[in-house]
Every structure is written in structure tokens, then in C-alpha cells.
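Colleague: Got a structure for you, written out below as C-alpha cells; questions coming shortly.
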Amino acid sequence: MAAAMAWLRRGACGPARRCGLAAGRSYSGGGAYPGVSLTCPLPGVPKAVFAAAESRERFETRVTVLENGLRVASQNKFGQFCTVGILVNSGSRHEAKYLSGISHFLEKLAFSSTAQFGSKDEILLTLEKHGGICDCQASRDTIMYAVSADARGLDTVVNLLADVTLQPRLSDEEIEMTRMAIRFELEDLNMRPDPEPLLTEMIHAAAFRDNTVGLNRFCPVENTDKINRDVLHSYLSSYYTPERMVLAGVGIEHEHLVECARKYLLGVQPVWGSGQGRAVDRSVAQYTGGIIKVEKDMSDVSLGPTPIPELTHIMIGLESCSFLEDDFIPFAVLNMMMGGGGSFSAGGPGKGMFTRLYLNVLNRHHWMYNATSYHHSYEDTGLLCIHASADPKQVREMVEIITREFILMAGAVGEVELERAKTQLKSMLMMNLESRPVIFEDVGRQVLATNTRKLPHELCALIGQVKPADIKRVVTKMLHKKPAVAALGDLTDLPSYEHIQAALSSKDGRLPRLYRLFR
């Protein structure tokens, strides 16, 4: 102690003022401040050892392939709960040889009675013992069965998932209830004020007419009575095979997950038998472009004291690229740069108020109710589109504004707006990956498509490398394709498809002028 005090008095780092010593200062009570430096190490005191981040390998996604071809992927995450699920390479894009709507049926029938569980209530009670919840989501290319529960119940969860996926009873009563639920959902889809799900279906059908991702994701009304247990078993025998599945988990030890997979998913006989079904549809998406129009009275979509005004909705899209291509990252940055939203969107700089569709469209044209950019990407194609809404009398002007924005994408890209878009994309990526279910879906989808997973820091590095020249290159390539157009509402003033195509092929994005003898 004496040595330490002597060192403090001497000032081992030089004059007291250089070490930030409180020389000559005193407390209000009269006592002097101790001359302790905040910048120089104390002699005789051991050097501090700080906690270091664990090695990156601990947080990498681990993948094991079982003897039957099933892939098991896991990601460590701190916490008491885990999210585990089975993803199947199956969706509406694979229904070309079957009745359209099978995936929609399977989504609604998920977590119903199985060989081990007599009803959905039994499944829910079993999960409740482990604080668990379950969900099933079907998209155009993937069906996902997921459970979030206490990690200590992993064995029960994997057993349940295996039973739900491979041993569903599909009773007549359950199928009839599903028919009723689907009919109600289809009615609701046509009545809801937000037309975005309907327009998304229409733009896909226009862009990829009658093939792969252009096939209807929702079951057509006329097919609800045609789909039965035999039809479902025929489909399941083709697509619910081990090599088309991934068992993914977040928040559990990889070895434990592999052990459970071997126990419940290896050598299991599915309820539809082991006979091979029809050949798997391996068709590659064929972009066709085109237009789909639905004339509809939108005047009474929303009633009440403050009804939504009658609007016409337009969505214009162009083919982008698959998520497996290098250009996927520049397209993601471009989509973030375009941004947009509705007239009543809340927020500030962090909510996209400086994106192009806000600055160039919503801020300048008060009559536009919505202008939003979307990017849909699949393993063999993609679609970048802009959705806009306005009064039916201003449809032509609205379409021209959107076509001009497409042309301006290929122009100069400001350094500030590009950096803002890249930063916002990184921020959104990292914020979404704070959620355990989102990590689970990311792990499952990437491993299903590529047998591996790119970690967030790798994606952020790729985003940071995007240059203005990359944006211009991908847009120039995109603008050489035919447009896909979806239109919903009063379409009296909608320009012809040929005029929209001509505008997207022009230098300024303007529609051909119309000359009328009588107005």
C-alpha cells in the first residue's frame, strides 16, 4: 500500500495534470481529493481479464444428414425455450399434376389427429405441459410445421412433429371442417379492405402464367369438394419424403436434436405407405409477363363513420432473380431504397420516409393513397413489384408515375440514399434475427435450399459491398423483360398492357399520348 501511495504522489506517468489527477481540489467539507489517476494503471494490481466473446464456431449452424437423406440443422441460442420444426420442400408450385389447393388443405389440417394423438386438443394439451405453441404455414415452395416450447421437452416435441408430419389421420370430419374453413377464408379474402394478398396472387399469376410460382396458393372454390384423403395421400407420397425435409431447431444442442431425429424420423413408415407416388415436379419457373384484370366495385369495402374511399389498385412487376444468385443482394438493397408505404403510415427516418416512393410519389402526389415496393424471391426466379392505389379517375396518371419510377431506378443513385438503404437493410435483418422463430425459419429455409446457411455477418458484409453500378446493372437487366400487371377495382381509365410495356421501354417512362377528337 505504501508503494502504491508513493507512486500516486510521484505521478508515475509524469506530471499530475497529464494523468488527470485531482491536484489541489477538495471536498466541500474541506478534505482533499485523493490523487487517483483514471488513465494510468496502479502498480502491484493484477491486470484485469475481461470476458471475451465465445468463438464464432459455437454460433454457426450445424447440419447433419441422416441415412435416409433427412437433414438436421441447429443453431445455438441462449434461453430456456426452443423453436423446432420440420420444413418440407413442397408447396403450391408443385401442384401442376394435382388438384390446385392441396397445400392450402394441408396447412389447415396440420396438428389435427394423428396415430398417437386422438384430436387437436390432445396435441395442444401435450404442448401445454412444456409451455408450447404450434403453427403451420404453407407458401409457394415450402410447408413449415413449427413448435416453440421449453427446451427440456425436446424429445416430446420431435415425437409430436414426426407424428403430425408422417402419421396424420385425415379423418372425414376433419377434412369437412377444413373445407368450411377454406370457403370462409376465400370469402373473407374478397371482402377485406386490404387487397394486398389478392394482388400478390394476381401478379404471380400474370408473371408466371400457369406454371410453378404462378399457380394459385389458395384453393379454388370449385376444388374444395374434390380434395379428399386419397388425393392428399397421393400428393404426400410424392413430396413428403425424407430427402425433401429438414428438421431445424434453435435453442437446443445439436447432438440432442440428431438423437431425437434418429429415434422418431429414421425408418418410420408413413401412413400413406412406402410406395413411390408420381414423379416429383422439378419444373423451372418460366417468366411470361402479362396482365390480369379484375373489375370490382370497391365503393363499399369499408363502411362506417369514416369509410375508406373507393380506390383502384395496380401492381406492376418485373422479373428479378433467385435468392441463390449473387444479384439477390443488390435487388434487396434496391427494394429497400424504393421503400414506400401508405398515406397514413406512421414513422420517421427509420420507417422509410426518405425512400424514393415517399419522396417522389407520396410527398408530391397527395391523391396517391399507397405506393409500396415488394420483392418476392424463390430458388429459381424472383419478382420486384410496386403496388399503388388511387381514385379510379386518376388511374392513368398513377400508372405513369409508377412506370417513371421504374425507369428512374436505372438512373443515378445517390451515395447518401444508397448508404441509407444499405444501413436500413442491415438494421432490419439484424432486428428480425433477434426473434427465435425468425432464426428458425431462416435456418430451415437456407438449409432446405442450399444445405448450408449464411450467417448474418456474412450477409451484412455482402450488403456493404453493393455499389451504385450494381444497382444500375440489375435494373437495366430487369427492364429488358416484359412487365407483369395486376389491376383490381374500377378499371375504366386503365392504360392498355401495350401502353404500359411501351412506357417501361421508353427513356422517361411516360405513357404514349392519347389524342381524342371529342372529350
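Colleague: For the stretch 290-505, what mean projected area does the convex hull of the alpha carbons give, in nm²?
Modeller: Answer in nm², one decimal: 13.1.
Colleague: Can you compute the modelled spin-label distance between LYS226 and SER506, with each label point 7 Å from Cα toward Cβ, in nm?
Modeller: So the two model labels end up 4.4 nm from each other.
Colleague: Any idea how far apart GLU310 and GLU122 come out in nm if each label point goes 7 Å out from Cα toward Cβ?
Modeller: Label at GLU310, label at GLU122, 5.5 nm between them.
Colleague: Output the pairs from LYS296/LYS393; LYS108/LYS296; LYS293/LYS481; LYS426/LYS481; LYS77/LYS120 with a Cα-Cα distance over 23 Å in this structure; if there are none, say none. Before the final figure, lay out each step's value.
Modeller: Details: LYS296/LYS393 15 Å; LYS108/LYS296 29 Å; LYS293/LYS481 20 Å; LYS426/LYS481 29 Å; LYS77/LYS120 30 Å.
In this structure, LYS108/LYS296; LYS426/LYS481; LYS77/LYS120 exceed 23 Å between Cα atoms.
Colleague: Within the chain, what percent of beta bridges assigned by DSSP are antiparallel, to the nearest 5?
Modeller: Working: 51 of 62 bridges.
So the antiparallel bridges amount to about 80 percent of the total.
Colleague: If you average over every viewing direction, what projected area does the convex hull of the Cα atoms of the stretch 384-519 give, in nm²?
Modeller: Details: hull surface 45.9 nm².
In nm², the orientation-averaged hull projection of the stretch 384-519 is 11.5.
Colleague: Right, here's the next one. What residues qualify as long-range amide H neighbours of LEU70, i.e. H under 5 Å apart, gap of 5 or more or another chain, H built at 1.01 Å from N?
Modeller: Amide H to amide H, under 5 Å and 5 or more residues apart or across chains, LEU70 pairs with nothing.
Colleague: For the chain, what does the accessible surface come to per residue with a 1.4 Å probe? Please give it in Å². Show your work: numbers first, answer last.
Modeller: Details: 25850 Å² over 519 residues.
Here the residues of the chain average 50 Å² of exposed surface.
Colleague: At most 14 other Cβ atoms within 10 Å and a DSSP loop assignment: could you name the trypsin sites (Lys or Arg not before Pro) in the stretch 74-125 that fit? Let's see the in-between values first.
Modeller: Values: sites: LYS77, ARG93, LYS97, LYS108, LYS120; in loops: LYS77, LYS97.
Taking the stretch 74-125 and a limit of 14 other Cβ atoms within 10 Å, the loop trypsin sites (Lys or Arg not before Pro) found are LYS97.
Colleague: Using a 1.4 Å probe on the protein chains only, how many percent of the accessible area of the chain belongs to carbon and sulfur? Provide the component values of the computation, followed by the final result.
Modeller: Details: 14120 of 25850 Å².
Carbon and sulfur atoms account for 55 percent of the accessible area of the chain.
Colleague: Once the principal axes of the Cα atoms of the chain are found, what is the range along each, listed largest first in whole angstroms?
Modeller: Between the extreme Cα coordinates on each principal axis of the chain lie 96, 70, 48 Å.
Colleague: Among the aspartates and glutamates, which have Cα under 18 Å from the Cα of LYS263 when same-chain residues fewer than 8 positions away are ignored?
Modeller: Those aspartates and glutamates meeting the cut-off are GLU67, ASP155, ASP163, GLU243, GLU253, GLU255.
Colleague: Go through LYS477/LYS507; LYS97/LYS477; LYS422/LYS482 and tell me which ones have a Cα-Cα distance over 21 Å in this structure.
Modeller: Among LYS477/LYS507; LYS97/LYS477; LYS422/LYS482, the Cα-Cα distance tops 21 Å for LYS97/LYS477; LYS422/LYS482.
Colleague: Can you tell me the length gained on complete extension of the stretch ASP300 to MET177, counting 0.36 nm per residue apart and subtracting the Cα distance? Let's see the in-between values first.
Modeller: Values: separation 123, 0.36 × 123 = 44.28 nm, distance 3.01 nm.
The span from ASP300 to MET177 would gain 41.3 nm if fully extended.
Colleague: Right, next: Just to confirm the filter: which chymotrypsin sites (Phe, Trp or Tyr not before Pro) across the stretch 354-394 are DSSP coil and have at most 16 other Cβ within 10 angstrom of their Cβ?
Modeller: Listed in order of number, the matching sites are TRP367.
Colleague: Return a whole-number percent for the relative contact order of the chain, with Cα pairs under 8 Å and 6 or more residues apart as the contact set.
Modeller: Dividing the mean separation by the residue count of the chain yields 17 percent.
Colleague: So which trypsin sites (Lys or Arg not before Pro) in the stretch 405-475 are both in a DSSP loop and have at most 13 other Cβ atoms within 10 Å of their Cβ?
Modeller: LYS454
Colleague: Assign unit charges at the C-beta atoms only (+1 for Lys and Arg, -1 for Asp and Glu), then state the dipole size of the chain relative to its Cα centre in Debye, rounded to the nearest 20.
Modeller: Magnitude of the dipole: close to 2540 debye.
The values are calculated or read from the model by the stated rules, or taken from the named source; none is laboratory data. Quick caveat: nothing in here was measured; it's all calculated off a predicted structure. No Cβ is skipped: glycine too gets one built from the backbone with ideal geometry, and neighbour counts run over all protein chains shown. Heads up: the accessible areas ignore ligands, DNA and RNA and are worked out on the full protein's heavy atoms, side chains in. Shrake-Rupley method; radii C 1.70, N 1.55, O 1.52, S 1.80 Å.
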